[in-house]
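Everything below concerns the one structure shown next.
The values are calculated or read from the model by the stated rules, or taken from the named source; none is laboratory data. Values in this document were obtained by computation on a predicted structure and should not be read as measured data. So basically every Cβ, Gly included, is an ideal-geometry build from the backbone, and we count neighbours across all protein chains shown.
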Amino acid sequence: MTIFIHKSDTRGTADHGWLKSHHTFSFSNYYNPDRTGFGLLRVINDDVVQPSMGFGTHHHDNMEIITIPIVGSLKHKDNMGNEQIIRAGEVQIMSAGTGITHSEYNKSDSEAVNFLQIWVLPEKKDIAPRYEQKVFPKEDRQNIFQPLVSPEPNSCSLWINQNAYFSMVNLDMDKSVNYGTHSEKNGVYVFIISGSIQVLSTKLSDRDGMGITDERDIFLDAIEDSQMLFMEVPMK
């Protein structure tokens, strides 16, 4: 087993006024040769966008892009004709494939929005671009893993063009849970959205991350009420 610990205060930062961002892995002007991704997980950006501001129309291709609002909501528009509002409690996924252009703006004119944007390298390149979003009720992840993303089309999760699995859990203080990987070829990256947990004899708190490889079962205990995102991805 190998672990990689990324404390929240070691992340890259960017402050553009309208946007404040923390980068778990190298992104844009932040480059750290020791932080270029985890397996096929390429980007975890923790973004805060000011009211009515956002990302103008821009292009992506051959990337699986997952957006998870934590607080607030985003206004999405793309060249496939999708115009949607993505709210906290929902998850959005785009397969950029052969190419997609889109914009994301804070829907509110009075409150900031905080969201995670995550990139995963695709299994198949140059597929037709695709957009999907889904509501995930928080009661369905209380002390149990709630599937968000999987490579198997079903009614419980969003489909991803990769052998990757995303799950979220809200764990009460003093509760324990075990995560079992779907494949021995996959590693798991744990991101603490809020709270504090103990995993593999290590304490992790708000916005800390840990990558774990060569381990099929991952046990953790909640030191306090906590919310976590588990990202299981192929390591190559």
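Within the stretch 34-48, take every residue that is farther than 12 Å from residue 117 by Cα and not polar (S, T, N, Q) and give me the one that is surrounded by the fewest Cβ atoms within 10 Å (Cβ to Cβ).
Within the stretch 34-48, the subset farther than 12 Å from residue 117 by Cα is 34-40.
When the remaining residues are screened for being not polar (S, T, N, Q), the result is 34-35, 37-40.
On the way: 34: 8, 35: 18, 37: 19, 38: 23, 39: 21, 40: 20.
Step by step, filter the stretch 34-48, then rank; the result is 34.
Does any residue of the stretch 154-169 turn out to be touching a Phe, Trp or Tyr at 6+ places or on another chain (Cβ under 6 Å), surrounded by 17 or more Cβ atoms within 10 Å (Cβ to Cβ) and under 24 Å from residue 36 (Cα atoms)? Even if it seems obvious, please write down each step before you answer.
The initial filter retains those residues of the stretch 154-169 that are touching a Phe, Trp or Tyr at 6+ places or on another chain (Cβ under 6 Å), namely 167, 169.
Add one more test, that the residue is surrounded by 17 or more Cβ atoms within 10 Å (Cβ to Cβ), and what stays is 167, 169.
Imposing the further condition that a residue be under 24 Å from residue 36 (Cα atoms) reduces the set to 167.
Yes.
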Residue 144 vs. criteria within 22 Å of residue 116 (Cα to Cα), buried (at least 16 other Cβ atoms within 10 Å of the Cβ) and not small (Gly, Ala, Ser): no
Verdict on residue 150 being of a type in the set (Ser, Thr, Tyr), in contact with a Phe, Trp or Tyr (Cβ under 9 Å, 6 or more places away or on another chain), closer than 23 Å to residue 45 by Cα and modelled with pLDDT of 95 or more: yes
Matching option when the condition is over 20 Å from the mean Cα position of the chain (by Cα), farther than 20 Å from residue 67 by Cα and among the hydroxyl-bearing types (Ser, Thr, Tyr), among 183, 196, 205, 201: 201
Selection within the stretch 1-36 - within 22 Å of residue 165 (Cβ to Cβ) and in contact (Cβ under 8 Å) with a residue 40 or more places away in the chain: 1, 2, 3, 4, 5, 6, 24
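Residue-wise test of (1) surrounded by 19 or more Cβ atoms within 10 Å (Cβ to Cβ); (2) under 30 Å from residue 219 (Cα atoms).
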position: 5; (1), (2): no, yes
position: 32; (1), (2): no, yes
position: 64; (1), (2): yes, yes
position: 92; (1), (2): yes, yes
position: 101; (1), (2): no, no
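Looking at 123, 184, can you tell me which residue is farther than 28 Å from residue 54 by Cα, part of a loop (DSSP other than H, G, I, E, B) and assigned by TED's automatic domain parsing to the domain that holds residue 67? Don't jump to the end; show me each part of the working.
Numbers: 184 fails: assigned by TED's automatic domain parsing to the domain that holds residue 67.
Going through 123, 184 in turn, the sole match is 123.
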Test: residue in the stretch 55-69 that is in the same structural domain as residue 114 (by TED's automatic domain parsing), within 15 Å of residue 112 (Cβ to Cβ) and not aliphatic (A, V, I, L, M): yes
